[in-house]
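For reference, the structure is listed below as structure tokens.
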Amino acid sequence: MEIALRGIGVSPGIAIGPALNFGVRSLDVPKYQVKDKEAERQRFHRAVEAVRKELQDLYDRTSRGLGAHHADIFKAHQMLLDDVTLHQEFESRLESEGLNAEYIVDDLIVRYSKMLTTVDDPLFRERAQDFFDVGTRVLGHLLNTELDNLEHLERPCIIVAHDLSPSDTAKMDLANVLGIATDVSGPTSHTAILARAFQVPAVVGLKYVGAHTLPGDTMIIDGTRGYVFIRPDEETLRKFAAEREHDVVRRHSAMVAGLARPSSTLDGFEIPTMVNVELPVEITPELKTKAQGIGLYRTEYIFLNRSSLPTEEEQFAAYSSVAEIMKPAPAILRTLDIGGDKFVSHLQLAEEINPQLGWRAIRFCLERPDIFKAQLRAMLRASVHGNVQIMFPLISGVDELLRVKEVVREVCNDLERRGIAFDRQVKLGSMIEVPSAVAVADLLARECDFFSIGTNDLIQYSLAVDRVNEKIAHMYEPAHPAILRMIRQTARAARAAHIPCGICGEVAGDPLFTEVLIGLGVNSLSMSAVALPGVRAEVAKTRMSSAKQFARQLLGQTSVHTVRAMLNQRFKERQQSSE
Ligand code: PEP
Ligand code: MG
């Protein structure tokens, strides 16, 4: 029987294919007394040996495909597998309790992972994830159960999961992922952002998709409208297969037409349309022909899915290559924004109670000057290879920005002392994504060279709506009068201080908002590459004077619903008049 579910479409397009159920499987772990302890010990060692071979195989394949850095994680997992304390603990419990190997291993996984997640350092929490991964592999062998592996998929499939962490998503075998469907998450979660970047159709917040889907079930993902069909009947399948063909052609011609337009308004105001990137694979010479720069490089992805911190040299190579490719267009590099939802999410162990309000982004960097300075050095050194600009996430006030600038100064002095070249005029920008930063935008504007409004977080913090929680996703509303006012206030403060103000949150990629954002005084828009053609087409249809007037009209409204209705109506009229 066909099952249709409605969720939140977060990455457009249609995908049809067999399901692959991914996630922490609730492994049924039996508990019993063993008669032959030696036999149990042997069984444990055989499982460990099998995992060692598996990890070696993953290391070889990954370093061949993606390079040694990405494969490092499997070396680290091998080291965890050989951890002497764990082996000793296994031995002593087997000896004293006489319980079966899978029970002891499962218990060790739970205890050690929990212990590591309580340490006040995100790197330790990442280790908890590694420990969990390795332990679960051993458990899988003891129980003769096959475990999931998103890095190497045998055939094209649709990933069905309760949740996918950004790190799971970043390491997916993209050639074989047709679509994504998850029970939880929202439109501005980093998993959704990555799905858009990879142009993989995705629907999130489906609540029960995991429970309804069996491995291999045929599925349809409609990422544009937010529908998912499980075991569709013949007719639904025919309809969506035809629509998929049509969709591919339509999106291709829209892209060609959209990108052919200039990124300026009808009355000649230039509004650069730039791109947000997460992974080095997205930064191709072709990108330069599409985008007028990189408005946001989420550098934290260089730090995920690996066993050690990236070195300064490695970062320098990544940053200078993007600067080189994009020059003379800007490459805005954002310093490390770790934390929030960029943690291991499927581990489901206690992390911070409020990670979105916790130790993330600039707060983390200011307390880890070793990591922060290495990144700044790499960015500054890359600045001689193109138009590098550096921006700081989650700035909440002037003191914080001044502390950041002090660290930058120290790094500059150090480079100077050592005779290492960097651009002394490199522009430093503040993200505006915390309500307090909006309130003091006039003060922050005096202390930096540009603003970039991060609406993803600004909406979450202003409306108190967790951006990754599907239960309240309907309350996550960029059209809220409070958000429009905050954008205006920020843009005005920037203008008064003669600095530019861009937007790099997801709203910048929504054509429905293009005109009003321009009318509110925003100077540039940065979005996922897939959104560029649609937004560029809207910029080209805009006249500054009417955009300002429209923005004023919207600012005069009291209700979200009226603002939404007016945006929809205006958009419809603009489409009709351009036909
Ligand atoms: C934002 O918050 O709008 C933003 C662009 O940053 P991120 O989505 O990476 O938090
Ligand atoms: Mg943000």
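Using a probe radius of 1.4 angstrom, the carbon and sulfur fraction of the accessible surface of the stretch 365-408 is 47%.
Annotation: per residue accessible area for the stretch 435-572 equals 38 Å², rounded to a whole number [probe 1.4 Å, protein chains only]. Between helix 68-81 and the chain there is an angle of about 30 degrees, using the helix long axis and the longest principal axis of the Cα atoms. Remark: the stretch 153-195 carries 26 Å² of accessible area per residue (probe radius 1.4 Å; ligands, DNA and RNA excluded).
As an exercise, take the mean of 1/r over every pair of distinct alpha carbons in the chain, invert it, and state the Kirkwood radius in angstroms. Can you show the working numbers first?
Numbers: mean 1/r = 0.0395 Å⁻¹.
For the chain, the Kirkwood estimate is 25.3 Å.
Computed about its Cα centre, the charge dipole of the stretch 352-507 is approximately 400 debye, with only Lys, Arg, Asp and Glu carrying charge at their Cβ.
I need the shape label for the stretch 220-309. Rule: rounded when a/c is under 1.5, else prolate if a/b > b/c, else oblate, with a, b, c from the alpha carbon gyration tensor. Here the stretch 220-309 falls in the oblate category.
Starting from the Cα gyration tensor of the stretch 358-476, take the square roots of the eigenvalues, sort them a ≥ b ≥ c, and report rounded, prolate or oblate (rounded when a/c is under 1.5, otherwise prolate if a/b is larger than b/c, else oblate). Prolate, since a/c reaches 1.5 and a/b exceeds b/c. Highest average first, the peptides 362-375, 221-234, 152-165 ordered by how many other beta carbon atoms sit within 10 Å of their residues are 152-165, 221-234, 362-375.
Across Thr188, Thr562, the residue with the most accessible area heads the list, and the full order at a 1.4 Å probe is Thr562, Thr188. Estimated purely from DSSP H runs of n ≥ 4, each contributing -39500 (n - 2.57), the mean residue ellipticity at 222 nm for the chain is -16000 deg cm²/dmol once divided by its residues. Using the Cα centre of the stretch 210-265 as origin and beta-carbon charges of +1 (Lys, Arg) and -1 (Asp, Glu), tell me which of Ser263, Ile221, Thr236 is placed farthest towards the positive end of the dipole. Working it through, the farthest residue towards the positive pole turns out to be Ser263. Taking the charge dipole of the chain about its Cα centre, with +1 at Lys and Arg Cβ atoms and -1 at Asp and Glu Cβ atoms, the residue from Ser63, His212, Gly358 reaching farthest to the positive side is Gly358. Charging the Cβ of each Asp and Glu at -1 and of each Lys and Arg at +1, and nothing else, the dipole of the stretch 369-433 about its Cα centre rounds to 280 debye. Taking all protein chains together, Met544, Met115, Met219 sort by accessible area into Met115, Met544, Met219, largest first [probe 1.4 Å]. Principal-axis analysis of the Cα atoms of the chain puts helix 481-496 at an angle of about 60° to the longest axis.
Using the 1.4 Å probe convention, the accessible area of the stretch 255-333 works out to 38 Å² per residue with neighbouring protein chains retained.
Cross-link check: pairs Lys239/Lys290; Lys239/Lys541; Lys548/Lys572; Lys75/Lys290; Lys288/Lys427; Lys207/Lys541 evaluated at a Cα-Cα cut-off of 29 Å; pairs beyond the cut-off: Lys239/Lys290; Lys239/Lys541; Lys75/Lys290; Lys207/Lys541.
Couplings 3J(HN,Hα) for the stretch 259-276, derived from phi with the Karplus relation 6.51 cos²θ - 1.76 cosθ + 1.60 (θ = phi - 60°), are 6, 6, 6, x, 9, 9, 6, 4, 9, x, 7, 7, 10, x, 10, 10, 10, 9 Hz, where x marks Gly and Pro.
Can you tell me, using C-alpha contacts under 8 Å and at least 6 residues apart, the relative contact order of the chain as a whole percent?
Values: 1117 pairs, mean separation 90.4, N = 579.
With pairs under 8 Å counted, the relative contact order is 16 percent.
For the chain, find the longest principal axis of its Cα atoms and tell me its angle to the long axis of helix 312-326, 0 to 90°, nearest 10. With both axes taken from Cα atoms, the answer is about 40 degrees. Decide, for the stretch 470-564, between rounded, prolate and oblate: order the square roots of the alpha carbon gyration tensor eigenvalues as a ≥ b ≥ c, take rounded if a/c falls under 1.5, and otherwise choose prolate if a/b is larger than b/c, else oblate. Cα axes put the stretch 470-564 in the rounded bin.
Between Ala331 and Ile294, Asn387, Val388, Gln389, the built amide H atoms are under 5 Å apart, and every one of these is 5 or more places off in sequence or on another chain. Rg and Dmax of the stretch 352-409, based on Cα coordinates, read 12.7, 42 Å.
For the stretch 447-579, what % of the accessible area comes from carbon and sulfur atoms, probe 1.4 Å? Provide the component values of the computation, followed by the final result.
On the way: 2640 of 5330 Å².
Carbon plus sulfur share of accessible area: 50 percent.
Taking every protein chain into account, the 1.4 Å probe leaves Phe451 with about 0 Å² of accessible area, to the nearest ten.
Accessible surface of the stretch 192-287, 1.4 Å probe: 60 percent of it comes from carbon and sulfur atoms.
The values are calculated or read from the model by the stated rules, or taken from the named source; none is laboratory data. Please read all numbers here as calculations on a predicted model, not as lab measurements. Please note: Cβ atoms are built from the backbone with ideal geometry, for glycine as well, and neighbour counts cover all protein chains shown. Just so you know, the surface numbers come from the protein's heavy atoms only, side chains and all, with ligands and any DNA or RNA stripped out. Shrake-Rupley method; radii C 1.70, N 1.55, O 1.52, S 1.80 Å.
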